Amino acid sequence: MGYMAVTIVLELVLGLFASIIVMWFSRKREFTADKGAAYLTSSEKMVGALRRLQAHHEPSHLPDQVAAFGIRPKEGGMAKFFRSHPPLEERIAALQNLKK
């Protein structure tokens, strides 16, 4: 009984840890892809594209009765470790730093 309990707990903990690592690599690849796209076009064009994407994904102002159906990721805490893409603000800032 104890072996099974320890195994289940370890699988949960190590599974969460593995997910955090995979998501970190995914976020890193996004920055690399942005840098490559900026190399092929220009930083200004990539920033413009990300700003346009950002405008489409800004939170809409839903009425209180419908707000529960709006799907938005949590902004702070541990949720940032489980995101596959970095926030658009960070991606734009990284591209703007390429110019300097």
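Restricting to segment 16-37, name every residue that is out of contact with any His (no Cβ under 6 Å at 6 or more places or on another chain), under 15 Å from residue 90 (Cα atoms) and either modelled with pLDDT under 95 or of a type outside the set (Ser, Thr, Tyr) (or both).
24, 27, 28, 29, 31, 33, 34, 35
Need pairs with beta-carbon distance below 9 Å; first residue under 11 Å from residue 85 (Cα atoms) and within segment 18-38, second among the acidic types (Asp, Glu); sequence gap 6+ or separate chains.
These pairs meet every condition: 27/90; 31/90.
The values are calculated or read from the model by the stated rules, or taken from the named source; none is laboratory data. Since the model is a prediction, treat every value here as computed from it, not as a measurement. Virtual Cβ from ideal backbone geometry, glycine too; neighbours counted across all protein chains shown.
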